[in-house]
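Visitor: Dropping the structure in here first, questions after.
The values are calculated or read from the model by the stated rules, or taken from the named source; none is laboratory data. Please read all numbers here as calculations on a predicted model, not as lab measurements. Heads up, the Cβs are rebuilt from the backbone with ideal geometry, glycines too, and the neighbour counts pull from every protein chain shown. Ligands, DNA and RNA are stripped out before the accessible areas are found, and what is left, the full protein with its side chains, is counted by its heavy atoms. Shrake-Rupley method; radii C 1.70, N 1.55, O 1.52, S 1.80 Å.
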Amino acid sequence: MPQNHLADETSPYLQQHADNPVDWWPWGEQALTLARRENKPILLSIGYSACHWCHVMAHESFEDPATAAVMNQHYINIKVDREERPDLDKIYQAAHQLLNQRAGGWPLTAILTPDDLTPFFVGTYFPNGPRHGMPAFTDVLEQVVVYYRRHGEEVREQNQSLINALQQGRQPADPGALSPAPLDQARRELGRNFDREHGGFGKAPKFPHPTSLERLLRHWAATRDQASPDTESLHMARLTLHAMAAGGIYDQLGGGFCRYSVDDKWMIPHFEKMLYDNGPLLALYADAWAIDGEADFKRIVEETAEWTLREMQSPQGAYYSTLDADSEGEEGRFYVWTPTEVQQHLTPEEYTIIAAVYGLNRPANFEGHWHLHVYKTLAQTAEKLNISAAAAHELLNSARQKLLGVREQRIHPGRDEKVLTSWNALMIKGMAIAGRRLQRQDFIDSAQRALGFIRQNLYKNGRLLATCKDGRARLDAYLDDYVFLIDAILEFLQTRWNSDDLHLAVALADTLLDHFEDRQHGGFYFTADDHEALYHRPKPYSDESTPAGNGIAAYTLQRLGHLIGEQR
């Protein structure tokens with residue numbers, strides 16, 4: 001009789017699968033030993049609680065007894081929360097990239113050999129029946145296990161080739177003298193990929209890419225006192241920030257940004273909200289406001305920070321991880337409206353303003369409903385209606401507050417309430433910068449409470465832990481946890497000096513150098529030298545949904561070393 005082993009896990013994502021008929025195991029020695037003993041391949045499924053397609057695959061396949069029977073017969077099935085185990089996610093996403101020559105995503109579906117945990121088949125979402133040119137999930141499972149049994153030698157050869165490719169990685173460059181050449185090259189590439197009509201980079205799906213926008217602002221700042229300042233960099237950053245703020249990727253009623261837009265115009269988002277997006281964007285908009293006092297940027301900072309205080313900060317001080325895209329089984333249902341519904345709650349004057357600004361007088365833009373997105377600026381609307389800008393502003397704000405109150409009565413999307421050290425650090429930094437720029441003590445207080453939670457609950461015996469849920473802190477921390485937290489502390493120290501916080505930053509830097517540094521080739525591994533041994537030890541250099549740990553390590557160690565006079 002199959003038995004599911006996820007009920008005692010701290011991850012809300014794993015707990016969502018605890019009642020599946022699949023014999024799920026969490027990643028751990030018990031499951032890995034069982035796979036080796038029974039010589040069964042491992043079916044590794046990686047996702048996260050706010051992931052829409054993870055929910056789809058769960059409903060179609062993992063909740064289906066017939067599919068579960070195939071999985072249980074042929075595989076040892078392991079479910080992983082990519083937010084708790086980014087080490088596993090990084091190495092198996094890299095394998096997907098190499099084996100399929102394209103980027104992966106979630107849910108990630110990897111099938112591993114039991115002896116060395118190397119993936120010989122990797123995909124993402126599979127439907128429960130053949131459609132959209134994709135095979136049915138059960139067909140994939142049956143075919144892969146047959147291939148594994150009949151072609152063991154070919155599987156081993158492919159595994160060795162994959163391991164060799166991963167180990168080659170990037171060869172260290174001759175350090176030579178530091179020069180601005182890499183930054184200039186980055187600036188040129190951002191210019192080539194820039195969407196000059198809608199802002200952002202490339203085509204849909206459109207992601208915010210806050211690190212790229214920060215690079216543009218820094219490039220402008222480095223040239224602003226020169227004879228020919230790079231005003232184009234400032235223009236690209238400002239156009240993108242304005243476009244996102246006006247788009248549906250931004251919650252026009254409640255504040256905060258969704259993960260990405262499915263279209264070029266930032267109109268319709270994938271509705272999940274992630275802490276790791278909103279922390280860096282909070283800092284970015286605060287810095288952009290500091291450049292020239294743009295009122296819209298200040299409003300975005302205030303609304304996003306207030307959303308964080310209202311919905312994402314726990315009573316104990318830490319920040320929660322995510323809000324789901326779905327509610328009541330439908331993506332975006334919490335956020336969308338009909339004109340009739342909006343009219344019921346507003347005065348005619350309020351409705352006239354909000355309908356013109358957000359397009360309620362236009363065709364529906366999301367599955368027969370209206371997702372709020374700026375079609376006309378408030379100034380344009382006021383001019384057309386022949387009313388003052390102040391009167392239009394008052395009516396729009398009144399309408400927004402009424403609709404937010406109505407929306408609060410709806411069934412909310414699920415919230416993943418686990419606490420992640422690295423993501424908390426990103427929001428601590430964002431809150432510290434926003435509080436300093438806007439002179440908002442409540443934002444600074446929020447950052448201080450979160451930092452205090454980490455110190456008290458996630459820093460044990462001189463080492464960080466990665467995650468905490470329901471009072472259970474666990475899992476050895478990763479590179480991002482250490483360097484993001486050092487970075488956050490250095491920002492926070494600019495708002496409120498505390499020697500204990502400085503001492504914590506120094507201790508974290510010492511641990512970073514002792515346990516993560518690659519002393520032979522430079523840089524830092526994602527996992528510590530005493531971490532669980534995996535088939536690959538990644539050393540990430542590229543920004544993904546969060547900044548590259550090695551980039552932040554270089555930045556923070558330079559600043560900390562300068563501050564305390566420590567040459568290491």
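Visitor: Using the reciprocal of the averaged 1/r over all distinct C-alpha pairs, how large is the Kirkwood radius of the stretch 223-277 in Å?
Guide: The answer is 12.5 Å.
Visitor: Percent relative contact order of the chain, based on C-alpha pairs within less than 8 angstrom and at least six residues apart?
Guide: 11
Visitor: Sticking with this structure for a sec: In the stretch 286-375, what percent of the accessible surface is made up of carbon and sulfur (1.4 Å probe, ligands and nucleic acids excluded)?
Guide: Of all accessible area on the stretch 286-375, carbon and sulfur atoms account for 47 percent.
Visitor: Further, regarding this structure: Rounded to whole Å, give me the distance from the Cα center of the stretch 225-269 to that of the stretch 368-412.
Guide: That distance is 20 Å.
Visitor: If you don't mind, there's one more thing I want to ask. Considering only C-alpha atoms, what is the centroid distance from the stretch 534-568 to the stretch 1-40, in Å?
Guide: If you average the Cα positions of each part, the centres end up 34 Å apart.
Visitor: Considering only DSSP states other than H, G, I, E and B, which GluC sites (Glu not before Pro) in the stretch 104-179 qualify as loop sites with at most 16 other Cβ atoms within 10 Å?
Guide: Sparse-neighbourhood loop GluC sites (Glu not before Pro): none present.
Visitor: Starting from the Cα gyration tensor of the stretch 467-520, multiply each eigenvalue by 5, take the square root, and state the resulting semi-axes largest first in whole Å.
Guide: Gyration-tensor ellipsoid for the stretch 467-520: 20, 18, 9 Å.
Visitor: Separate question: Work out, in µm²/s and without decimals, the Stokes-Einstein translational diffusion coefficient of the stretch 89-246 at 25 °C, 0.890 mPa s, Rh from Kirkwood over C-alpha pairs.
Guide: For these conditions, the coefficient is 125 µm²/s.
Visitor: Leaving out ligands and nucleic acids, and using a 1.4 Å probe, what accessible area per residue does the stretch 1-146 come to in Å²?
Guide: I get 38 Å² per residue for the stretch 1-146.
Visitor: Could you tally the net charge around D470, taking each other residue with its Cβ under 15 Å from the Cβ of D470, Lys/Arg +1 and Asp/Glu -1?
Guide: Residues near D470 contribute -1 overall.
Visitor: How high is the relative contact order of the stretch 355-398, in percent, counting Cα pairs under 8 Å that sit 6 or more residues apart?
Guide: RCO, the stretch 355-398: 32 percent.
Visitor: Using only alpha carbon positions, build the gyration tensor of the stretch 19-168, then give the equivalent ellipsoid semi-axes as the square roots of 5 times its eigenvalues, largest first, whole angstrom.
Guide: 21, 18, 16
Visitor: Round to a whole number: what % of the accessible area of the stretch 1-151 belongs to carbon and sulfur, probe 1.4 Å?
Guide: 51
Visitor: Could I ask something else about it? Do any of K79/K539; K298/K469; K203/K418 go past 28 Å between their Cα atoms, and which?
Guide: Long pairs (Cα-Cα over 28 Å): K298/K469; K203/K418.
Visitor: Might you list the cysteines of the chain that have no disulfide-compatible partner by the rule of another cysteine's Cβ under 4.7 Å?
Guide: C258, C468
Visitor: If one computes the Cα centroid of the stretch 457-494 and of the stretch 90-122, what distance in Å separates the two points?
Guide: Between the Cα centre of the stretch 457-494 and that of the stretch 90-122, the gap is 28 Å.
Visitor: Restricting to DSSP loop positions (anything but H, G, I, E, B) with no more than 13 other Cβ atoms inside 10 Å of their own Cβ, which chymotrypsin sites (Phe, Trp or Tyr not before Pro) remain in the stretch 483-564?
Guide: W497, Y541
Visitor: Additional query: Using the Kirkwood formula over every pair of different C-alpha atoms, what hydrodynamic radius in Å results for the stretch 494-537?
Guide: 12.3
Visitor: Please compute, for the alpha-carbon atoms of the chain, the extent along each of the three principal axes and give them in descending order in Å.
Guide: So the extents along the principal axes, rounded to whole Å, are 77, 61, 45.
Visitor: Within the accessible area of the stretch 511-558, what % is carbon and sulfur when the probe is 1.4 Å and the other protein chains stay in place?
Guide: Roughly 46 percent, rounded to a whole number.
Visitor: On the full set of protein chains, 1.4 Å probe, figure out the accessible area of L309 and give it in Å² to the nearest 10.
Guide: Probe radius 1.4 Å; accessible area of L309 about 50 Å².
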